[in-house]
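Below is one structure, written out as structure tokens; the observations come after it.
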Amino acid sequence: MSQRTDNWGELAFGRGYHACSPRLVGLPSHEEIRQCSDGGYPYSIWLNVGPACDLHCPRCFNDNPGTGCAGSDDLSVLEIQRILAEAATLGVQSIVVPGFGEPFHPNNQPATWTILEGVGTLGMRAVVFTHGGHIEPSMVERLGALPVSLFVKYDSPRATIQDLEAGQDGYTQRRERALQLLIGAGFAASPRRNETRLGLVTTMMPSNISDIPWIHRSCRELGLFPDYDTVLPVGRGREPRSQVDPASALRLLQQLRTIDAEYGMNWDAAPTDVSFSCARPLYNLHVSPNGSVSPCVGTTHIDLGSLRDAPLARIWSSQPAVMVRQYVQRLDGACVGCENLSRGCRPCLSRCLTEEGRERLIREESVGTLGCWMRCTKE
């Protein structure tokens, strides 16, 4: 799979996740986003496990360098079980385990398996972001029996690039083995099933931008869900040289649209990064390993409370959280008047807001915007 000649998703711009096929199970459709917004409940909760990770990715959104240590203040198994129960009662349909640490690192596995086995008993689903390096055959069988979908880190098929971006020699080979196991176990979509339980998450960087069209075509051929974004400008991603210039991002977007046209997939472009217009703050909350709640992974400094101090329902309905969900009504600056805004584009809270605008998210004040890479190419 690491060879560019091998055949080893979904991409949507401005209309939720599922404008194209196949659908990744556990992510919301446009209709599901509308339903939970109308009903006043969150579709998903991003619930982090501890920071333990054996990679040393130089552009990671987590400031903590790769380490095998668990956090000293991480949520306990009992606390996680309580949070899952509160989420199910509130109407949450999906629990997402993002990559603050590697979910399947041995030190994080007790928390991760508590989540994955808990969602099934409570009628929810789970989506896990993983680098794939710890996935073994016995684990694939266990995952296959649970309502779980996976996003596997895939920045490049070339070990010379991927090992460098992961900060670990030999990582690419371990990841390829994991993908072969998961595809062989039926996690990918098939011609008879227009949904998939396996996606690739790719961060667009100067080092790998030429690989992304190949990655995208491979996803279409194998029935995987492709998810692309630019480097999140937090943590170790603050370095300006981590970002791809707007003109290159636009050329890539055009290449991906051309590829999808070959598969009969056509979509409108209204991105805030190079994947889709992220409406997640409208239907989601982000929970750090210690239980603190924020709007999303890129705005962890915006404090919405702690699940150790208040139940999930109270935090969701609190005035600061409501203010965040209404931020589009208070936009100011570069995004105002953009045609993409009227087509459903939602400015990324981390990439597209001014620093002052982010601080104003939880107050009844205007929210300043910077615009996105797509707008920059027009100026």
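Tabulated data for the structure shown
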| quantity | calculated |
| --- | --- |
| Which numbered condition R175 misses (of (1) in contact with a His (Cβ under 7 Å, 6 or more places away or on another chain); (2) open to solvent by 70 Å² or more (accessible area, probe 1.4 Å)) | (2) |
| Among (1) at pLDDT 85 or above; (2) open to solvent by 20 Å² or more (accessible area, probe 1.4 Å); (3) aromatic (F, W, Y) - the single one Y327 does not satisfy | (2) |
| Tally, over the stretch 114-129, of residues that are open to solvent by 10 Å² or more (accessible area, probe 1.4 Å) and closer than 26 Å to Y171 by Cβ | 1 |
| Total residues in the stretch 148-160, condition under 20 Å from V49 (Cα atoms) and surrounded by fewer than 17 Cβ atoms within 10 Å (Cβ to Cβ) | 0 |
| Count - residues of the stretch 160-199 that are of a type in the set (A, V, I, L, M, F, W, C), assigned to a helix (DSSP H, G or I) and more than 14 Å from G133 (Cα to Cα) | 3 |
| Any hit, the stretch 70-87, residues being open to solvent by 10 Å² or more (accessible area, probe 1.4 Å), touching a Ser or Thr at 6+ places or on another chain (Cβ under 7 Å) and part of a loop (DSSP other than H, G, I, E, B) | no |
| Of all residues making up the stretch 88-126, the number that are farther than 17 Å from P147 by Cβ and part of a helix (DSSP H, G or I) | 5 |
| Some residue of the stretch 49-62 being modelled with pLDDT of 95 or more, basic (K, R) and surrounded by 15 or more Cβ atoms within 10 Å (Cβ to Cβ) | no |
| Test: residue in the stretch 183-205 that is under 17 Å from V127 (Cα atoms), touching a His at 6+ places or on another chain (Cβ under 8 Å) and not charged (D, E, K, R) | no |
| Inter-residue pairs, beta-carbon under 8 Å, first within 11 Å of T369 (Cα to Cα) and in the stretch 320-346, second assigned to a helix (DSSP H, G or I) and open to solvent by 70 Å² or more (accessible area, probe 1.4 Å), 6+ apart | A334/R375; C335/R375 |
| Candidate set: the stretch 231-257, residues that are part of a helix (DSSP H, G or I) and within 18 Å of the chain's Cα centre (by Cα); chosen: the one surrounded by the most Cβ atoms within 10 Å (Cβ to Cβ) | G237 |
| The stretch 201-226 - residue that is outside any helix (DSSP H, G or I) and open to solvent by less than 20 Å² (accessible area, probe 1.4 Å) and, of those, nearest to R175 (Cα to Cα) | T202 |
| Residue within the stretch 282-293 that is at pLDDT below 85 and either of a type in the set (F, W, Y) or in a loop (DSSP other than H, G, I, E, B) (or both) present | no |
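The values are calculated or read from the model by the stated rules, or taken from the named source; none is laboratory data. All values derive from a computational prediction rather than experimental measurement. Here the Cβ is made from the backbone with ideal geometry for all residues, glycine too, and neighbour counts use every protein chain on show. Just so you know, the surface numbers come from the protein's heavy atoms only, side chains and all, with ligands and any DNA or RNA stripped out. Shrake-Rupley method; radii C 1.70, N 1.55, O 1.52, S 1.80 Å.
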